[in-house]
Amino acid sequence: MKFIHLTDLHLTVPGALLWGLDPWAQLDACLADIARHHADAAFVAITGDLTERGEVSAYDALKKRLVDFPLETHLMLGNHDDRKKFRSVFGGDGMVQSAVTRGGNGFLFLDTLKGPPSSAGLYDEERRTWLKGELKKADGAPVYLFLHHPPFAIGHPLMDLIALEEPEAFATLLKGHDIRHMFFGHAHRTISGQWRGIPFSALPSLNHQLPLVPGAVDTVYSNEPPMYAVVLLEQDRTIVHSDAFLNRTPAQMPPDAERSDWY
């Protein structure tokens, strides 16, 4: 089974740049690349910060972009989003959470938006009750979690100030369940590792990034390659490929080189 993970679109009012980059051009190129190379994927998960400032016009333009996109897409919210305005465009009410089952696996898409003035994440009792119910429904089957805010420190001095609040309460919910992997955004970096026995991965934003070392560049944000992840699930493994789709160019070599039985 294959699915796609991308995150932190930071979409603006259509036509407006963000930190010198065009988030709409980045998104269009990303969606086109996914449709071209991964049309067989089961779904796409976008883990929050869909917009930069939560404008209705940005959500409306995103909805229109997805009409012709051939893959099932699951949207989540991040600290730059506005739940009420998102709902005004995409419909529904309450928290933006959902669950699907594919190939005997459960996929849970969580809402960790706390809301202004805080950029930290929140997973309060209402949301924990929903998650508890979905984990019970899984009945021991493998579960994959998607959320915007990491529920632990990632070793970045800025982002660790605005991680998910009350991480212990969140961790307690997961005990005793077969959580195979956690996918999150927020970090604007490629990250992988393990938290309390649960493997995790994160991705760069589709627009701007956070330098790993503060002061490595003169500005808070940096212009580094955006990526999306191609996730391959097998019974005994989870493989996460990160693809820098905008930086994929031919090497300096003849097209027919290395195409024999050299291996």
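Just so it is clear, none of the values below were taken in a lab; they were calculated from the coordinates. Remember, it's a predicted structure, so these values are computed and weren't measured experimentally. A quick note on method: Cβ atoms are made from the backbone with ideal geometry, for glycine too, and the neighbour counts reach across all protein chains shown.
Full extension of the chain between R237 and F69 gives 57.6 nm of extra length, using 0.36 nm per residue less the Cα-Cα distance. Within straight-line reach of K136, meaning a Cα separation under 30 Å, sit the following lysines at least 8 residues removed in sequence or on another chain: K2, K84, K114, K175. Here is how the number arises for the chain: DSSP H runs of 4 or more residues each give -39500 (n - 2.57), the sum is divided by the residue count, and the result at 222 nm is -6500 deg cm²/dmol. Using the alpha-carbon centroid of each, what span in Å lies between segment 11-71 and segment 197-246? A separation of 17 Å, based on Cα centres. Under the combined filter of DSSP loop state and at most 13 neighbouring Cβ atoms within 10 Å, segment 187-263 retains these trypsin sites (Lys or Arg not before Pro): R196, R248, R259.
Positive-end ranking of V44, H186, Q26 along the dipole of the chain, with charges on Cβ about the Cα centre, is headed by V44. When peptides 136-149, 175-188 are sorted by average Cβ neighbour count within 10 Å, with the highest value leading, the order is 175-188, 136-149. Within segment 1-101, the proportion of Cα pairs with more than 24 Å between them is 19 percent. If you take every residue apart from A244 with its C-beta less than 12 Å away from the C-beta of A244, what net charge results, scoring Lys and Arg +1 and Asp and Glu -1? Net charge around A244: -2. Of the residues M76, M1, the one with the fewest other Cβ atoms within 10 Å heads the list, and the complete ranking is M1, M76. A simple spin-label model places the labels of V220 and N247 2.3 nm from each other, with each point 7 Å out along Cα-to-Cβ. With both residues required to sit in the chain, DSSP beta bridges show an antiparallel share near 55%. When DSSP beta bridges are restricted to pairs lying wholly in segment 66-176, around 55% turn out antiparallel.
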